[in-house]
Amino acid sequence: EEGDEDEDAEAEEEAPPEEEEEEIIELTGKELKMRVDLLSRTISYFVWDYTRRGLLDTDKLTVVSMICMKILVRAGKITPEERETLIRAPPDPNPPAMPENARSWLTETQWAQLKTLENMEAFKKGGQLTQNIEQDSLGWKRWYSEERAETADLPRSARDLTAFQRLFLLRVMRQDRIGSALSAFVIENLGQDFIEQPPFDMETSYEESTAITPFFFVLFPGVDPTPVIEALGRKLQITEANGRLMNISMGQGQEKVALNALHKSAKEGGWIMLQNIHLMQAWLKDLERALEVIEEFSHEEFRCFLTSEPPGAMQGRLWDLIPEPILQRCIKVADEAPADLKSNLRRAYSKFSQESIEECLKPKEFKATLFALCFFHSLISGRIKFGAQGWSKKYPFNDGDLTICGAVLRNYMNNAEKLGTEVPWPDLRYLFGEIMYGGHITDPWDRRVNNTYLAVLVTPELLVGGNLAPGFKSPDSAKLEYVHYVKYIEDRFPPEIPQMFGLHPNAEIGFLTNQGVNIFKTISDITGGGGGGGGGGLGDAQPIITSYLSQLPTNLDMIDIRSRLNPEDYTPFIIVSLQEADRVNGLLDQCRGSMLELELGISGALNVTDKMEALAGDLQSNKVNALWAEKAYASLKALSAWFIDFVQRWEQVTEWTAALKLLKSIWLSGLFNSMSFLTSNMQVAARGNNLPLDYMTNRCRFYNIRDLAEVAGVPAQGVNCHGLFLEGAGWEDGKGEDEGYITESKMKDLHPVMPICNIFAVHIDVMDWNCMYHCPVFSTSLRGATYIFQANIRMDPDDNENRWVLAGAAMLTQDD
């Protein structure tokens with residue numbers, strides 16, 4: 001009996017305690033909705049906060065705008081159709097004629113896009129939008145010209161538009177203000193936290209990690225994650241000193257060392273840093289496999305840290321550089337340093353020290369020149385944000401370039417002191433511009449900008465308080481030491497403006513416009529654009545096809561054209577006209593054939609192919625199809641504007657081949673190959689004057705007229721050309737017979753139209769560059785590979801060419 005009692009007692013002790021019933025809180029309908037809304041907002045924020053940690057700064061506004069619009073669509077506050085219209089801004093296929101009072105400030109594409117907005121309910125309340133713009137052109141133009149159009153009062157007929165509806169007008173008319181407007185829109189709907197990001201916190205990120213989730217740090221100039229990781233390790237007693245932290249810089253011969261260290265750290269619970277893994281492309285598959293294997297036995301305290309530079313311009317996307325499975329398993333961190341000019345200068349100067357100065361035998365000259373060199377480094381690093389007007393390509397300027405130049409500067413200064421000679425300024429400029437920094441630069445016009453900065457900054461004037469930039473002088477190096485220069489940067493650096501780079505404020509408008517365009521282009525690419533994102537299918541492309549086919553001109557009859565030519569008629573200009581006609585016909589065939597094929601696919605007569613689907617999506621997204629672009633010419637225009645442009649090219653070639661002689665003025669922008677036409681101009685002059693073609697060059701003289709009706713006829717010498725635009729500068733017409741000259745840009749006039757130009761060829765020995773700017777001419781504002789020729793543009797006699805080089809002044813044959 002006693003044994004039974006003991007067993008009962010033990011059983012009572014082993015019996016689990018009765019769980020207390022959890023109190024169920026009854027929520028009213030209103031309280032439940034508030035609770036769900038709070039949970040939804042909290043989850044949305046944490047998802048965004050996790051995501052943005054691995055995003056580049058340029059992409060953060062794009063992604064948060066996508067999230068915001070998706071949330072609002074699900075909440076029923078905006079419709080999917082409104083979202084798609086905002087993203088694509090499709091132009092009306094058959095817009096009415098634009099009124100004359102709007103032509104001075106609106107483009108044909110903008111007018112067609114505004115016509116599309118009239119189909120939205122919000123733009124029907126105050127009467128037809130385009131009609132209101134026509135009737136109150138001054139009021140709308142005033143709003144259009146406002147510096148901050150996103151907050152300025154709209155004309156009376158549009159005063160009732162919401163912040164979201166205002167985005168449509170900005171999307172079409174003021175794309176440079178889209179970034180600011182989207183930021184305000186996200187703040188209004190999601191909160192300030194979605195735009196303002198707290199500094200990166202390693203401890204918080206560490207708490208989110210596990211032994212099987214490595215960290216992936218994207219490396220940027222001036223940002224090194226190593227000290228942050230080491231500081232956290234010291235708190236957790238994980239250091240190199242006690243053998244629990246290993247830091248391996250990847251390079252040739254480190255493959256096995258890294259894999260062995262990875263396995264050892266995983267077993268023992270240590271930390272391992274594998275730096276610069278982008279240098280080991282062939283080995284990354286082995287790393288991917290190793291990360292999978294160690295999941296089976298990783299100690300809970302094990303952590304792996306990977307670092308890599310972002311891909312360069314020629315390397316594509318990050319997942320083309322690093323295997324996607326590695327990226328997917330990692331916590332990604334893209335902690336970019338501030339990119340403003342002051343931060344760049346502060347970071348550049350921090351690469352040196354008082355000891356660096358004391359090692360130089362010419363301290364006064366060294367301090368002044370070193371500070372100018374750091375400012376130069378800051379300028380060329382920050383100039384890229386202005387797009388092709390800043391640099392035509394992204395160049396990998398880095399801190400190593402700066403420190404090596406600093407060492408070269410010190411050596412040359414010491415040699416000059418030992419030899420008792422002056423500072424070799426030209427030698428220093430050549431070494432910095434052509435070898436050190438110039439070694440990265442592949443475009444000759446970019447190289448000219450780079451060397452011009454040095455010609456302006458690295459001069460003897462540094463020693464007597466010369467200007468480094470507007471409002472920023474070179475301090476007196478005889479009185480200042482290293483710490484004083486640091487304080488000078490903090491206290492005396494002026495607010496950043498484009499003029500500090502030598503650029504006009506319009507360059508910032510161009511930069512902001514490109515930013516606005518890229519935001520919606522990226523969203524369209526991610527969501528699939530017109531073909532599927534807005535619920536449209538192939539059939540939705542039919543009205544657009546019908547419209548374009550009805551406007552598409554007939555092919556030029558090459559047999560008839562050639563039959564009217566005698567053998568002696570095949571002059572260089574006629575040959576160019578025939579080449580242009582062939583190119584026009586080839587593009588016409590491509591456009592017509594692909595659209596007719598798509599029509600058959602829509603009707604069911606043909607199986608739908610990937611090419612047909614791509615064309616349907618492009619037509620609905622107002623984008624030039626890739627197959628059309630292959631047969632066409634360099635252009636950045638949207639499809640509607642591109643199509644009008646193409647028809648005008650056909651009209652010029654038709655007129656040219658009908659006359660079979662040089663027109664009184666050639667629309668240079670309307671040629672598929674402008675360079676061949678200008679070469680033919682030199683050929684004709686060389687033959688006529690019995691001169692060698694290799695020594696000929698084209699010379700430009702601008703008239704003071706822009707209306708073709710004022711052109712009397714073919715010029716006595718050379719050819720007349722029109723259709724040129726100026727970027728980075730303005731143009732002042734001459735008086736009477738005097739030629740005009742390059743001048744300061746007018747605000748918001750990004751691409752002023754140039755007067756008609758007489759281009760004639762001369763021998764290079766006769767070419768006079770006195771008071772002339774060596775102006776590159778490009779097909780599009782992308783510059784770079786679209787280069788055509790070097791033109792001479794007259795300057796004011798008191799002007800300096802360096803001014804226009806730094807301003808990025810160039811001529812374009814197309815206004816994008």
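From the set of residues in segment 385-420 that are in a helix (DSSP H, G or I) and either within 22 Å of ARG803 (Cα to Cα) or touching a strand residue (DSSP E or B) at 6+ places or on another chain (Cβ under 8 Å) (or both), which is most open to solvent (accessible area, probe 1.4 Å)?
The residue in question is LYS385.
Looking at LEU565 and the list (1) within 33 Å of the chain's Cα centre (by Cα); (2) open to solvent by less than 40 Å² (accessible area, probe 1.4 Å); (3) at pLDDT below 95, which single condition is not satisfied?
The number of the failed condition is (1).
Filter segment 488-507 down to residues that are without any contact (Cβ under 8 Å) to a residue 24 or more places away in the chain and closer than 15 Å to CYS374 by Cβ and give me whichever is least open to solvent (accessible area, probe 1.4 Å).
TYR488
Counting just the residues of segment 642-672 that are in a helix (DSSP H, G or I), over 20 Å from VAL517 (Cβ atoms) and aromatic (Phe, Trp, Tyr), which one comes out most open to solvent (accessible area, probe 1.4 Å)?
Checking each candidate, the answer is TRP650.
Among the listed residues VAL408, VAL464, VAL456, which satisfies the condition of being of a type in the set (A, V, I, L, M) and in contact (Cβ under 8 Å) with a residue 60 or more places away in the chain?
None of the others qualify; the one that does is VAL456.
Hey, among SER676, SER745, which residue is touching a helix residue (DSSP H, G or I) at 6+ places or on another chain (Cβ under 8 Å) and under 26 Å from LYS141 (Cβ atoms)?
Unique residue meeting the criteria: SER745.
When you look at GLY688, is it out of contact with any Lys or Arg (no Cβ under 7 Å at 6 or more places or on another chain), more than 26 Å from ASP560 (Cα to Cα) and open to solvent by less than 60 Å² (accessible area, probe 1.4 Å), yes or no?
When the stated conditions are applied, GLY688 does not pass them.
Looking at segment 421-500, what helices (runs of 4 or more DSSP H) fall wholly within it and have at least 1 residues that are at pLDDT below 95 and out of contact with any helix residue (DSSP H, G or I) (no Cβ under 6 Å at 6 or more places or on another chain)?
482-492
Say we look at segment 222-234 and pick out the residues that are out of contact with any helix residue (DSSP H, G or I) (no Cβ under 6 Å at 6 or more places or on another chain) and in contact (Cβ under 8 Å) with a residue 12 or more places away in the chain; which of these is nearest to GLU300 (Cα to Cα)?
This residue is GLY233.
Please enumerate the residues belonging to segment 617-632 that are part of a helix (DSSP H, G or I), touching a Gly at 6+ places or on another chain (Cβ under 6 Å) and open to solvent by less than 40 Å² (accessible area, probe 1.4 Å).
Hits for segment 617-632 are GLY617, GLN620.
What pairs come up if the first residue lies in segment 554-567 and is more than 15 Å from ARG583 (Cα to Cα), the second is open to solvent by less than 60 Å² (accessible area, probe 1.4 Å) and in a loop (DSSP other than H, G, I, E, B), and their beta carbons are under 7 Å apart, counting only those six or more places apart or on different chains?
From residues that are more than 15 Å from ARG583 (Cα to Cα), the pairs are ARG564/LEU660; LEU565/LEU660.
Please give the number of the condition LEU750 fails out of (1) closer than 28 Å to GLU508 by Cβ; (2) aliphatic (A, V, I, L, M); (3) in contact with a strand residue (DSSP E or B) (Cβ under 6 Å, 6 or more places away or on another chain).
Of (1) closer than 28 Å to GLU508 by Cβ; (2) aliphatic (A, V, I, L, M); (3) in contact with a strand residue (DSSP E or B) (Cβ under 6 Å, 6 or more places away or on another chain), only one is false for LEU750: (3).
Sort out which residues of segment 784-795 are at pLDDT 95 or above and either open to solvent by 30 Å² or more (accessible area, probe 1.4 Å) or over 20 Å from THR679 (Cβ atoms) (or both), and write them in order of number.
The answer is TYR787, GLN790, ILE793, ARG794, MET795.
If we only count helices (runs of 4 or more DSSP H) wholly inside segment 325-384, which ones have 3 or more residues that are crowded, with 22+ Cβ neighbours inside 10 Å?
Correct list: 341-349, 363-382.
Report the residue count in segment 126-157 for those that are assigned to a helix (DSSP H, G or I), farther than 27 Å from ALA641 by Cα and of a type outside the set (S, T, N, Q).
Selection size over segment 126-157: 1.
Among the residues of segment 106-128, write down those that are within 28 Å of GLU188 (Cβ to Cβ), in contact with a Ser or Thr (Cβ under 8 Å, 6 or more places away or on another chain) and not hydroxyl-bearing (Ser, Thr, Tyr).
LEU114, LEU117, GLU118, MET120, ALA122, GLY126, GLY127
Could you pull out every one of the helices (runs of 4 or more DSSP H) wholly within segment 34-125 that has 2 or more residues that are at pLDDT 90 or above and surrounded by fewer than 16 Cβ atoms within 10 Å (Cβ to Cβ)?
Those helices (runs of 4 or more DSSP H) span 57-74, 80-88.
How many residues are part of a strand (DSSP E or B) and open to solvent by less than 10 Å² (accessible area, probe 1.4 Å) when one looks only at segment 292-319?
Counting residues in segment 292-319 that are part of a strand (DSSP E or B) and open to solvent by less than 10 Å² (accessible area, probe 1.4 Å) gives 5.
Select from segment 583-609 the residues that are acidic (Asp, Glu) and farther than 19 Å from SER635 by Cβ and write down the one among them that is least open to solvent (accessible area, probe 1.4 Å).
Checked segment 583-609; the qualifying residue least open to solvent (accessible area, probe 1.4 Å) is GLU599.
Just checking, does segment 633-641 include any residue being open to solvent by 60 Å² or more (accessible area, probe 1.4 Å), closer than 27 Å to ALA785 by Cα and within 37 Å of the chain's Cα centre (by Cα)?
yes
Scanning segment 212-255 for residues that are open to solvent by 60 Å² or more (accessible area, probe 1.4 Å) and of a type in the set (D, E, K, R), which turns out nearest to the chain's Cα centre (by Cα)?
Out of the qualifying residues, it is ASP224.
Open to solvent by less than 60 Å² (accessible area, probe 1.4 Å) and assigned to a strand (DSSP E or B): which single residue out of ASN698, ASN681 fits that description?
ASN698
Which members of segment 182-209 meet the condition of being open to solvent by 30 Å² or more (accessible area, probe 1.4 Å), touching a residue at least 40 places away in the same chain (Cβ under 8 Å) and within 30 Å of GLU296 (Cβ to Cβ)?
Matches in segment 182-209: TYR206, GLU208.
The values are calculated or read from the model by the stated rules, or taken from the named source; none is laboratory data. Keep in mind that what you see is a predicted model, and the values were worked out from it rather than measured. All Cβ positions, even for glycine, are placed from backbone atoms using ideal geometry, and neighbour counts span all protein chains on display. Only protein heavy atoms, including side chains, enter the accessible area calculation; ligands, DNA and RNA are left aside. Shrake-Rupley method; radii C 1.70, N 1.55, O 1.52, S 1.80 Å.
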